[in-house]
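What follows is one structure encoded as structure tokens, with my remarks underneath.
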Amino acid sequence: QVHVVESGGRLVQAGGSLRLSCSASGINFSSYAMAWFRQAPGKEREFVAVIKYNGASTEYADSVKGRFTISRDNAKNTVYLQMNSLKPEDTALYYCAGGYGAIKSAQNEYLIWGQGTQVTVSS
């Protein structure tokens with residue numbers, strides 16, 4: 001049974017930092033590209049970042065480039081999102097997702113999803 005769980009979301013002040021974690025079980029984690037998406041209130045879910053199955057490459061949405069860093073530890077079946085210089089517009093429910101191949105921002109290419117962790121940035 002596949003299980004994907006995000007954690008680390010909380011209320012933080014603008015300019016602060018957070019690290020989100022996503023643990024996955026029931027899959028061959030080291031074969032999956034892993035990504036973070038987010039959904040703000042009243043908006044559609046959007047791509048944030050993706051990391052290749054072996055960690056060799058990453059891609060980011062323009063809105064988070066230079067502030068967020070995605071990384072993974074295949075020995076722990078975990079992917080991370082380090083978020084620095086947070087802004088109120090980063091407030092959203094953050095989702096972890098995984099899939100095969102050279103996938104990027106297309107949500108329908110992702111096979112597994114977590115339930116999300118809430119990040120709220122106060123001004």
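Quick notes on this structure:
- Rolling a 1.4 Å probe over the protein heavy atoms of the chain, with every protein chain left in place, gives an accessible area that is 45 percent carbon and sulfur.
- DSSP beta bridges in the chain [antiparallel fraction, %, rounded to 5]: 90 percent
- Separation of the stretch 24-38 and the stretch 57-83, taken as the distance between their Cα centroids, equals 12 angstrom.
- Solvent exposure of the chain as accessible area per residue, Å², 1.4 Å probe: 51 Å²
- 17 Å Cα-Cα reach of Lys76 towards lysines, excluding residues that sit fewer than 8 places from it in its own chain: Lys52
- Phi angles across the stretch 103-115 convert, under the Karplus curve 6.51 cos²θ - 1.76 cosθ + 1.60 with θ = phi - 60°, into 3J(HN,Hα) values of 7, 9, 9, 6, 5, 6, 8, 8, 9, 10, 9, x, 8 Hz, Gly and Pro given as x.
- Compared with the alpha-carbon gap, the fully stretched path from Val5 to Thr120 is longer by 39.6 nm at 0.36 nm per residue.
- For the stretch 33-102, pairs of C-alpha atoms spaced more than 15 angstrom apart make up 51 percent of the total.
- Over the stretch 74-115, the reciprocal of the mean inverse Cα-Cα separation, the Kirkwood hydrodynamic radius, stands at 12.6 Å.
- The trypsin sites (Lys or Arg not before Pro) of the stretch 1-77 that DSSP puts in a loop, and whose beta carbon has at most 14 other beta carbons within 10 Å, are Arg10, Lys43, Lys65, Lys76.
- Remark: spin-label model distance Gln13-Glu44 equals 3.6 nm, labels positioned 7 Å along the Cα→Cβ axis.
- For a straight C-alpha distance cut-off of 17 angstrom, the lysines reachable from Lys43 (same-chain residues fewer than eight places away being disregarded) are Lys87.
- The Cα trace of the chain gives Rg and Dmax of 13.3, 41 Å, the first to one decimal, the second as a whole number.
- Sorted into 10 angstrom bins from 0, the C-alpha pair distances of the stretch 1-70 split as 16, 47, 31, 6 percent.
The values are calculated or read from the model by the stated rules, or taken from the named source; none is laboratory data. What you see is a predicted model, and the numbers here were worked out from it, not measured in a lab. Please note: Cβ atoms are built from the backbone with ideal geometry, for glycine as well, and neighbour counts cover all protein chains shown. Heads up: the accessible areas ignore ligands, DNA and RNA and are worked out on the full protein's heavy atoms, side chains in. Shrake-Rupley method; radii C 1.70, N 1.55, O 1.52, S 1.80 Å.
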